[in-house]
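In what follows, a single structure is set out as structure tokens and then discussed.
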Amino acid sequence: MGNSDTKWSADGKEIPFVEQHTKTKHLLTEQYVTDLIYTLYGSGQRGVTNFTIIDGFCGGGIYNDKDSDNIWFGSPIRLIKAVQEGYFKSKRTYPLNVKFIFIDKKKDHLTCLKNIAMSQGELDNLSDEKQHIFKTEFGDLIIECEFINDEFENKVNYCVLQSENRKGHSLFILDPYGWSDVSMESFRKINSLKKSEIIYTFMVDFIKRFFYDPKWQARETFTKVLETDGYFNLDHFQMLDTFGEQAEFRNDFMKLLRDKGNASKIITFAMMPNNNDRVLYYLFHICSHLRALEVMKDGSWKFNNLNYQYHYDIYGFGFKAALFYEDNQLELKLDINQDSQQSCITRLSKDLDKIIQNSPDGITFKELCNKTMELNPATRQQYFEYLNLLRDAKEIEVIRKGKKTDSTNLQNEDIIRRPSQRTLFNLLNYIS
């Protein structure tokens, strides 16, 4: 949801207009859930069969779309449809069991979701909060929806317990009304789950008063809820309107999520209007497994006409002043579109070459990805392409099960190493 002014009436006669950045977020999340189901459920001899998906700020599930003069379904409907699509795409013959938990603090929103949005999405049979078994040509798809009228913070323990008891994989979609709606303690609880992910929206406007109004009455609450003491150097911020300030804020927030929220892996998307460097909000994808991060990246490249950008080079591993980059006018962003793929592959030399050069005994492809995948917008396939360029130039060799391989699709346990008596060179001219 992300906007406290967004309201639905119980009868669906009053529904909000969807904003372009909200549509972008919905499409990216929908694609990710489809790909996640296909990857985890559809892989191996028997993939993950249990999923728990929590939409902590679900809203009424339906919008007016002024671009099409039609309705636009919100995240609850899109999440269910995405699971269905991933299930059918997988073509597996064993059951897939998915439980959705939809939470909203406003009763009218949930009533609209259950009675109006679910019906228009042809999902009204799922509004009874019972488990439904759908017989398909492949096997059984089992879906259950639970609707909770409460604050997410009051139900985070319940959601974590549900995820633990159901085992499998859990995904938390957190698009809060304001900065105080998800505490750092809640991040820790969710990240304590063995196989959990979070897609978290943080509106930049939420935080501006923290920087430019020293008398802001909620400052103490902000510090307490998000445990920000020692983070966000106020001397570096004016109005949080310049790119450098926004990037430094994101860097500090990622460091906070790692240090205090126990986040293992994070990538971010900066949602911006077209032709505008002002960040509306950051979308944080927090996960514990490399494959989930790779799946999110794969999905982001599929939308080459959407108005979001991926920021890199400044990450929450430690303090790096973003204003230095702004003053030196270095490039810090990459539009996620197909035209950017070549520059993305080229840029991998910065992240990979030194690691390979400093690994005389070689490094596995999986470890190379683990060390660098958060540092750039490149997908797994783009890693393949860059490493194949290095191999074609005789700068590396790939060892699989003790023997050199020329396979273009690398495997996790493949060893990447330098040939004897060779040094890596800069491949920028070679690539171009």
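Details
- Asp104 crowded, with 17+ Cβ neighbours inside 10 Å and either assigned by TED's automatic domain parsing to the domain that holds Leu226 or touching an Asp or Glu at 6+ places or on another chain (Cβ under 9 Å) (or both): yes
- Pairs, first assigned by TED's automatic domain parsing to the domain that holds Asp361 in region 410-421, second assigned to a loop (DSSP other than H, G, I, E, B) and of a type in the set (A, V, I, L, M), C-beta under 9 Å, six or more apart: Ile416/Ile396; Ile416/Leu410; Arg417/Ile396; Arg418/Ile396; Arg418/Leu424; Pro419/Ile396
- Residue check for Ile143: under 13 Å from Lys99 (Cα atoms) and not charged (D, E, K, R): yes
- Unmet requirement for Leu161, which otherwise passes all of (1) part of a helix (DSSP H, G or I); (2) touching a residue at least 12 places away in the same chain (Cβ under 8 Å): (2)
- Filter result for the condition that a residue is at pLDDT 95 or above and farther than 26 Å from His289 by Cα, over Glu164, Glu122, Glu185: Glu122
- Residues that are surrounded by 15 or more Cβ atoms within 10 Å (Cβ to Cβ) and farther than 13 Å from Ile80 by Cα within region 121-148 comprise Phe138, Gly139, Phe147, Ile148, listed in sequence order.
- Residue match in region 54-74 (condition: basic (Lys, Arg) and touching a residue at least 60 places away in the same chain (Cβ under 8 Å)): no
- Residues of region 17-27 that turn out to be farther than 12 Å from Leu79 by Cβ, touching a Lys or Arg at 6+ places or on another chain (Cβ under 9 Å) and not in a loop (DSSP other than H, G, I, E, B), as a count: 2
- Residues located in region 188-220, provided they are at pLDDT below 95 and aromatic (Phe, Trp, Tyr): Phe202, Phe206, Phe210, Phe211, Tyr212, Trp216
- Residues of region 85-108 that are within 25 Å of the chain's Cα centre (by Cα) and not charged (D, E, K, R): Gly86, Tyr87, Phe88, Ser90, Leu96, Asn97, Val98, Phe100, Ile101, Phe102, Ile103.
- A residue that is assigned by TED's automatic domain parsing to the domain that holds Glu122 and in a helix (DSSP H, G or I) occurs somewhere in region 39-58.
- Residue selected from region 359-389 under the condition closer than 15 Å to Ile266 by Cβ and among the charged types (D, E, K, R), by the criterion surrounded by the fewest Cβ atoms within 10 Å (Cβ to Cβ): Lys371
The values are calculated or read from the model by the stated rules, or taken from the named source; none is laboratory data. In this text the structure is predicted, and so the values were computed from the model without any measurement. All Cβ positions, glycine included, derive from the backbone under ideal geometry; neighbour counts span all protein chains shown.
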